[in-house]
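The structure appears below as structure tokens.
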Amino acid sequence: MITANPAPEAGTEARTGSSPVRAVTRRKKRQWLPYLLLLPVVVAELLIHIIPMLIGVGMSFLELTQFYIRNWTAAPAAGVGNYRFVLQFDEASGKALLHSFWTTVQFTVIVLALSWLLAMAAAIWTQHAFRGRGLVRTVFLVPYALPVFASVITWSFMLQRDNGMVNHVLVDQLGVTDERPFWLIGDNSFWALIVVEVWRLWPFAFLALTAGMSSIPAEQYEAAAIDGAGVLRSVRWVTLPNLRSVNQVLLLVLFLWTFNEFTVPYTFFGKSAPEQADLISMHIYQNSFVTWNFGTGSAMSVLLLLFLLAVTAVYLLLTRKKDVDA
């Protein structure tokens, strides 16, 4: 005899917590939880980057000078006048911007090449275990771990003409030159800035390359050794192909960091950098906070942003095409 199951007592589902309504509610809460956790980061990103960037873009279309600092919304509209002003390369303003741009390009290329070469050499040297390898790696990472202001100020004291340690060693100890060179002004300022930037930046590249090399199977090096490959051939045919993805990201990050570098030259030279070391970040700062022409400075910043976006897009397209062809 078939009997029907007795109906559950009223409130049983509510007491056991298995109500369909509660299940749906819990499911919705779980769906919204990731977004709630991301909310503080999104708000911080808006306040720190997105909103200031949009304000800067808006300021580039205004004749914002020191007379409108207290009420910058009352500044008259300039349209594209600021952009036209800074891009007049036959005028003094355009020539200065173009000079600063090419100085930054040279600075970036040299720093990028030297940092990568030093990091690759150090990573290859410390790839295999030897006594004291951990200490060597730690010493290599010290420049990157030091606070930037403390390290650059220390370098500025070392590069002083009369009582700096560099001139003391080169002139008094080694006798390389009879006269004490100026390192913080003139042509030497550009190379002094490169030395300090490479000293600070190459440990990061070393850290990234070391992490990438740790994932390369030892069997590949053993096979290369059996085939008669030396150190250089092993690097060419084993190390570099395995580090392709690491190098793609590393070079892009180093390029963006170096081209935008402001902290090192500002700490090194103060508000006014020598003409030979007038990086574009310092040039924009001088036009904004020294001459109090924020409209022109904002226009330069927007042009710099567009240039970096264009270079990044082209770089990603080229590297992606190489990966597809490979």
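The values are calculated or read from the model by the stated rules, or taken from the named source; none is laboratory data. All values reported here derive from a predicted model rather than from experimental measurement. Positions of Cβ are generated from backbone atoms using ideal geometry, with glycine treated the same way; all protein chains shown enter the neighbour counts. For accessibility, only protein heavy atoms count, side chains too; no ligands or nucleic acids. Shrake-Rupley method; radii C 1.70, N 1.55, O 1.52, S 1.80 Å.
Report yes if some residue within the range 76-83 is open to solvent by 30 Å² or more (accessible area, probe 1.4 Å) and without any contact (Cβ under 8 Å) to a residue 12 or more places away in the chain; otherwise report no. The answer is no, given that none of the residues of the range 76-83 is open to solvent by 30 Å² or more (accessible area, probe 1.4 Å) and without any contact (Cβ under 8 Å) to a residue 12 or more places away in the chain. Which helices (runs of 4 or more DSSP H) does the range 230-325 wholly contain that include 1 or more residues that are under 28 Å from VAL80 (Cβ atoms) and of a type in the set (A, V, I, L, M)? Ranges flagged: 244-259, 280-285, 294-325.
State whether the residues of the range 9-21 include one that is surrounded by 13 or more Cβ atoms within 10 Å (Cβ to Cβ), modelled with pLDDT under 75 and in a loop (DSSP other than H, G, I, E, B). For the range 9-21, residues surrounded by 13 or more Cβ atoms within 10 Å (Cβ to Cβ), modelled with pLDDT under 75 and in a loop (DSSP other than H, G, I, E, B): present.
All told, VAL311 meets the bar of being of a type in the set (Val, Ile, Thr), farther than 30 Å from THR154 by Cα and either modelled with pLDDT under 95 or not assigned by TED's automatic domain parsing to the domain that holds PHE101 (or both). Anything in the range 45-62 that is β-branched (Val, Ile, Thr) and surrounded by 11 or more Cβ atoms within 10 Å (Cβ to Cβ)? List them, or say none. Correct list: ILE50, ILE51, ILE55, VAL57. Starting from residues that are of a type in the set (A, V, I, L, M) and within 16 Å of ALA218 (Cα to Cα), keep the ones in the range 109-138 and report whichever is farthest from the chain's Cα centre (by Cα). My answer is ALA129.
All conditions but one from (1) in a helix (DSSP H, G or I); (2) surrounded by fewer than 19 Cβ atoms within 10 Å (Cβ to Cβ) apply to THR108; the one that does not is (2).
Mind listing whichever residues of the range 167-186 are of a type in the set (A, V, I, L, M, F, W, C) and touching a Leu at 6+ places or on another chain (Cβ under 8 Å)? Can you show your working first?
Kept after step one, since they are of a type in the set (A, V, I, L, M, F, W, C), are these residues of the range 167-186: 169-171, 174, 176, 182-185.
Within the range 167-186, VAL176, TRP183, LEU184 meet the criteria.
Between LEU201, LEU170, LEU159, the distinction of being modelled with pLDDT under 90 and either out of contact with any Lys or Arg (no Cβ under 7 Å at 6 or more places or on another chain) or of a type outside the set (Lys, Arg) (or both) belongs to LEU170 only. If the requirement is being surrounded by 14 or more Cβ atoms within 10 Å (Cβ to Cβ), more than 25 Å from GLY58 (Cβ to Cβ) and not assigned by TED's automatic domain parsing to the domain that holds LYS95, which of these qualifies: THR267, THR239, THR319, THR258? So the residue among THR267, THR239, THR319, THR258 that is surrounded by 14 or more Cβ atoms within 10 Å (Cβ to Cβ), more than 25 Å from GLY58 (Cβ to Cβ) and not assigned by TED's automatic domain parsing to the domain that holds LYS95 is THR319. Taking the listed residues ARG200, ARG161, the one that is in a helix (DSSP H, G or I) and either of a type in the set (Lys, Arg) or not assigned by TED's automatic domain parsing to the domain that holds ASN242 (or both) is ARG200, with no other qualifying.
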